[in-house]
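Novice: Provided herewith is a single structure, encoded as structure tokens, for subsequent inquiry.
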Amino acid sequence: MSETANQPTDPQAPPKPAASGAAATSEPTLYGGVRSRRVTVRDLQAAKERGERWGMLTSYDMLSAQIFDEAGIPVLLVGDSAGNNVLGYETTVPVQLEELLPLTRAVVGASKRAMVVGDLPFGSYQASPEQAFMSALRLIKEGGAHAVKLEGGRRVVPQVELLANSGMAVMGHIGLTPQSVHGIGGFRVQGRGEDAGEQVLADALALQQAGAFAVVLELVPATLAERVSRELTIPTIGIGAGAGCDAQVLVWTDMAGLNAGPGPRFVKRYADLRGTLSAAAAEYAEDVRTGRYPSAEHSYT
């Protein structure tokens, strides 16, 4: 994050003009200009219009939410990726809405500035627009989410329309949709080839027309994602979709190196938290075994 985000800023002052094109602005107004309130869909739309890119991270708990919020991440996603990063499931498919509600409350309560988006898990919205409405209502009223996200393109347009017309902020998700991993035959790149690419673009345009304020593009060719980003007037958020999107999202445990083993090709690890925690735990265990902990300074008289 630019040092300018740490400098005093008048929250009521208009943002400075951005550089033309898709290059990052010299003054990160989305990060540094919004201080006295939550980031809103209008802020994200304005960022696209001035060519300012931004990062979104998942968050499932109080501490990570505090850290990412203080770091200036404008959008936090309480993703159903909690299934295979917190809850111990193999995929996101088994996740229940009841499991995401307390995680969403924790992230909302611990953050002050970030927009918090709650994921609608598999089985909580596919049956009908009415089912989607009731599930989204719980995420917003019980979880405190500021927006909801659901997977699918044209097939979920009725759901998106009802939610948006009811006053809810809705984020779409197309390309690879992890909740459909069994139906599509695994975690595979989507949208390769002219026909498949046109289908992805049609899905994105349909979600925009239905009222979505942003669309996640997961695991699609970079050239296709760049084209979709040009065609849409709403922000695109890439994950494994190249640099042409308006924003990027990563699962935080991937980004920070907490997960073991090789990750997806699109993941960049910015830390080695797994190594750090492992070393700390081993040192603690050895200190207890040898009597170095607790010492006098850690004891009460």
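Novice: Could you please let me know if GLU130 is over 18 Å from SER166 (Cα atoms), out of contact with any Lys or Arg (no Cβ under 9 Å at 6 or more places or on another chain) and among the charged types (D, E, K, R)? Explain how you work it out, then say what you get.
Specialist: Values: over 18 Å from SER166 (Cα atoms): no; out of contact with any Lys or Arg (no Cβ under 9 Å at 6 or more places or on another chain): yes; among the charged types (D, E, K, R): yes.
Considered against the rule, which asks whether it is over 18 Å from SER166 (Cα atoms), out of contact with any Lys or Arg (no Cβ under 9 Å at 6 or more places or on another chain) and among the charged types (D, E, K, R), GLU130 comes out as no.
Novice: For region 48-55, does any single residue satisfy the condition of being within 23 Å of ARG105 (Cβ to Cβ), at pLDDT 95 or above and outside any loop (DSSP other than H, G, I, E, B)? Spell out the reasoning first.
Specialist: Residues of region 48-55 that are within 23 Å of ARG105 (Cβ to Cβ), as a first pass: none.
Among the residues of region 48-55, not one is within 23 Å of ARG105 (Cβ to Cβ), at pLDDT 95 or above and outside any loop (DSSP other than H, G, I, E, B), which makes the answer no.
Novice: Restricting to region 247-268, what's the tally of residues that are aromatic (Phe, Trp, Tyr) and either open to solvent by 60 Å² or more (accessible area, probe 1.4 Å) or free of Cβ contacts under 8 Å to residues at least 60 places away in the same chain (or both)?
Specialist: Number satisfying all stated conditions: 1.
Novice: Let me ask something else. Please find, among GLY152, GLY211, GLY172, the residue that is at pLDDT 95 or above and crowded, with 22+ Cβ neighbours inside 10 Å. If you could, list the steps in order and put the result at the bottom.
Specialist: Details: GLY152 fails: crowded, with 22+ Cβ neighbours inside 10 Å; GLY211 fails: crowded, with 22+ Cβ neighbours inside 10 Å.
From the options GLY152, GLY211, GLY172, the qualifying one is GLY172.
Novice: So is ILE184 of a type in the set (A, V, I, L, M, F, W, C) and without any contact (Cβ under 8 Å) to a residue 12 or more places away in the chain or not? Give the derivation first.
Specialist: Details: of a type in the set (A, V, I, L, M, F, W, C): yes; without any contact (Cβ under 8 Å) to a residue 12 or more places away in the chain: yes.
Taking the combined requirement at face value, the residue satisfies it.
Novice: ALA271 fails exactly one of the following numbered conditions: (1) open to solvent by less than 10 Å² (accessible area, probe 1.4 Å); (2) in a loop (DSSP other than H, G, I, E, B). What is the number of that condition?
Specialist: For ALA271, the exception is condition (1).
A quick yes/no check of all residues on (1) under 21 Å from VAL181 (Cβ atoms); (2) among the aliphatic types (A, V, I, L, M):
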residue	(1), (2)
VAL200	yes, yes
GLN209	no, no
PHE213	no, no
GLU218	yes, no
GLY238	yes, no
VAL249	yes, yes
THR253	yes, no
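Novice: Just give me the residues in region 220-237 being open to solvent by 10 Å² or more (accessible area, probe 1.4 Å), of a type in the set (Val, Ile, Thr) and assigned to a loop (DSSP other than H, G, I, E, B), in sequence order.
Specialist: THR233, ILE234
Novice: Tell me, yes or no, whether region 127-142 has at least one residue that is under 19 Å from PRO94 (Cβ atoms) and in contact (Cβ under 8 Å) with a residue 40 or more places away in the chain. Spell out how you get there, then give the answer.
Specialist: To start, the set of residues in region 127-142 that are under 19 Å from PRO94 (Cβ atoms) comprises 127, 131, 135, 138-139.
If we keep only those that are in contact (Cβ under 8 Å) with a residue 40 or more places away in the chain too, we end up with 138-139.
Scanning region 127-142 turns up at least one residue that is under 19 Å from PRO94 (Cβ atoms) and in contact (Cβ under 8 Å) with a residue 40 or more places away in the chain.
Novice: I would also like to ask the following. Could you say which residue among GLY244, GLY240 is farther than 22 Å from ARG269 by Cβ and either open to solvent by 30 Å² or more (accessible area, probe 1.4 Å) or touching a residue at least 60 places away in the same chain (Cβ under 8 Å) (or both)? Lay out the reasoning, then the answer.
Specialist: Working: GLY240 fails: farther than 22 Å from ARG269 by Cβ.
After applying the criteria, what remains is GLY244.
The values are calculated or read from the model by the stated rules, or taken from the named source; none is laboratory data. All values reported here derive from a predicted model rather than from experimental measurement. Reconstructed Cβ throughout: ideal geometry from the backbone, glycine too, with neighbour counts over all protein chains shown. For the accessible areas, the whole protein counts, side chains as well, though only heavy atoms, and no ligand, DNA or RNA atoms are used. Shrake-Rupley method; radii C 1.70, N 1.55, O 1.52, S 1.80 Å.
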